[in-house]
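*Asks:* What follows is a single structure, and I will ask about it in a moment.
The values are calculated or read from the model by the stated rules, or taken from the named source; none is laboratory data. The structure displayed is predicted, hence computed values, not measured ones. A quick note on method: Cβ atoms are made from the backbone with ideal geometry, for glycine too, and the neighbour counts reach across all protein chains shown. These area figures cover heavy atoms from the full protein model, side chains too; ligands, DNA and RNA do not enter into them. Shrake-Rupley method; radii C 1.70, N 1.55, O 1.52, S 1.80 Å.
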Amino acid sequence: MFAQLARYETKLKQLEQEGRRRTLTGHAGLDFTSNDYLGLAGSERLTKAIMAALERGVPAGAGGSRLLRGNHPEHEALETEAAAFFGTEHSLYFGSGYAANLAVLATLPQPDDIVIHDSLVHASAHAGIAAGRASAISVPHSDVGAFADVLRRWRLDGGKGHPWIVVESLYSMDGDRAPLRELAELADRYDGFLFVDEAHATGVHGPNGRGLAAGLEGRDNVIVLHTCGKALGASGALVGASRLLCDYLVNRAKPFIYATAPSPLQAACVREALKILVDEPDRQTRLRDLMRAADRVAIEWLGYSSGSQIQPVMIGANGRTKMVAEHLRASGFDVRAIRPPTVPTGTARLRIAVTLNVTARDIAALFERLGQVLQDEVP
C-alpha cells in the first residue's frame, strides 16, 4: 500500500472500532428502510410514463447544463406544473435534494443576513450554510422561543440584513414536525425569510400530498424544497419560490449553473408522479392507515411513537444498534442502523420507515420481532 494511503486506512479502522464504519449493502426482506413512501418507485404508471417519453423522443441525458444546451422542454413543463401544483409563483428543478439545499443556502442569504437553523436540519443544509456568506447560528430543535431570542438579539446588536429561518417540515431521523406557522410569523415579524425542506412530507402530508407547508407556499418570503426521490418515486428536487428568487438562482447558484441538467426522462417521470398524487388519493389514505397501525404497535412495544411515517427506535450505543439491525435483517425485515454523525452522538437508533411496500400485518410482525430482540438484550 502506498504510504499516502495509510492515514485513510487508519481512519477507517477507527470508524470500525467506534461502530460507525459504513458499507454498501443490497436490499432484501420487507422494506422498512426506503423513502418510497407511496410505493411509486416501481409503479407501473411511472414505468409507462418513462416509456411514453422515450417514444416521443425525450432523451435519457440532458447533454449539458441548463444554461448551455441542457435545457429541455420537459424541465420547463415540470417547473410550470409543479408551481401550479404546489401553489408557488415559480419552481426550479435540480438534480438532487442535496444540490438544491446547497444552491439555495449558499446563494440566497446575503453577507449582511443571518441564517438561523434548527440543529437537526439535513447535512445538505449545513453544507449550503457553510458555503454561503451570511453568518449562521444553530438553535435547539423546534424551539420557537430560541429562534425568537436569536432574532431579537441580532436586531438589538445592529443586524441590518434579513434573517433566514431554516427548517425541515418533517425531520428525517425523528419523524416529528416543525412549528411552521409560528416560524412563518417570526419571519414576517422580523422582515425575514422562511426556508422549508419538505423532503419527507412531499407526497405524504398536506392536501394532495402538497406537504406540511402547503398553506404557506406562494408568499414572497417563503422558499420550499420538494424532493422527488422519496414519495414521488423518481429523482431530483424542486425549489418553489418567487420568480425573482428562482431567476437569481439561475444566475448565481453554482450547483445549478455548473452541473449537467437533470435527466429529461426523470423530469417526465416527476410530472407523472404529481398527476398520480391528484388521481390516486387512496395512496395517501392507505399510508395514513398504516401510520396509525405503526403508532399503535410502537406504543405497545416502545412506549412512544412519532405520529408520522418515520418511527425512530432509540438505542444509543453504536455497536448495539448495528447488531439489533442485523438481527432484524436476518429475520426478513430490512431495517438499518443510523449512527453518528448522521444523528447526534449517543443517539444511535433504528429508523423504521412505513411505506406502501408493507402491510399492517408486516408492521406488527416487525415490532414483535424487535421486542424479542431488545428483550434478549443484544450486547
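*Asks:* For region 143-173, how many residues are open to solvent by 50 Å² or more (accessible area, probe 1.4 Å), assigned to a loop (DSSP other than H, G, I, E, B) and touching a residue at least 24 places away in the same chain (Cβ under 8 Å)?
*Replies:* Residues meeting the conditions: 2.
*Asks:* Additional query: I'd like to know if region 5-15 contains one or more residues that are under 30 Å from LEU170 (Cβ atoms), out of contact with any Cys (no Cβ under 7 Å at 6 or more places or on another chain) and part of a helix (DSSP H, G or I).
*Replies:* Yes, some residue in region 5-15 is under 30 Å from LEU170 (Cβ atoms), out of contact with any Cys (no Cβ under 7 Å at 6 or more places or on another chain) and part of a helix (DSSP H, G or I).
*Asks:* Is it the case that THR355 is over 26 Å from SER119 (Cα atoms), of a type in the set (S, T, N, Q), modelled with pLDDT of 95 or more and surrounded by fewer than 20 Cβ atoms within 10 Å (Cβ to Cβ)?
*Replies:* The answer is no for THR355.
*Asks:* When the residues of region 320-338 are narrowed to those that are hydrophobic (A, V, I, L, M, F, W, C) and open to solvent by 50 Å² or more (accessible area, probe 1.4 Å), which ends up nearest to ASP376 (Cα to Cα)?
*Replies:* MET323
*Asks:* Additional query: Looking for something over 21 Å from LEU30 (Cβ atoms) and among the basic types (Lys, Arg) - is there at least one such residue anywhere in region 310-331?
*Replies:* Taking every residue of region 310-331 in turn, at least one turns out to be over 21 Å from LEU30 (Cβ atoms) and among the basic types (Lys, Arg).
*Asks:* Is at least one residue of region 276-288 more than 13 Å from the chain's Cα centre (by Cα) and farther than 23 Å from ASN35 by Cβ?
*Replies:* no
*Asks:* Going through region 235-265 one residue at a time, which ones are of a type in the set (Gly, Ala, Ser), open to solvent by 20 Å² or more (accessible area, probe 1.4 Å) and under 30 Å from GLU44 (Cβ atoms)?
*Replies:* SER235, SER263
*Asks:* Just need a number here: residues in region 66-100 that are open to solvent by less than 20 Å² (accessible area, probe 1.4 Å) and either small (Gly, Ala, Ser) or without any contact (Cβ under 8 Å) to a residue 40 or more places away in the chain (or both).
*Replies:* Residues meeting the conditions: 6.
*Asks:* Which members of region 304-319 meet the condition of being open to solvent by less than 60 Å² (accessible area, probe 1.4 Å) and farther than 13 Å from LEU366 by Cβ?
*Replies:* SER305, SER306, GLY307, SER308, GLN309, ILE310, PRO312, ILE315, GLY316, ALA317, ASN318, GLY319
*Asks:* Among (1) part of a loop (DSSP other than H, G, I, E, B); (2) open to solvent by less than 10 Å² (accessible area, probe 1.4 Å); (3) among the β-branched types (Val, Ile, Thr), where does THR33 come up short?
*Replies:* Only one criterion in (1) part of a loop (DSSP other than H, G, I, E, B); (2) open to solvent by less than 10 Å² (accessible area, probe 1.4 Å); (3) among the β-branched types (Val, Ile, Thr) is unmet by THR33, namely (2).
*Asks:* Identify the residue in region 121-142 that is surrounded by fewer than 14 Cβ atoms within 10 Å (Cβ to Cβ) and either in contact (Cβ under 8 Å) with a residue 40 or more places away in the chain or in a helix (DSSP H, G or I) (or both) and, among all such residues, is nearest to the chain's Cα centre (by Cα).
*Replies:* Filtering first and then ranking leaves ALA123.
*Asks:* With respect to GLY57, determine if the residue is more than 20 Å from the chain's Cα centre (by Cα), open to solvent by less than 20 Å² (accessible area, probe 1.4 Å) and among the small types (Gly, Ala, Ser).
*Replies:* no
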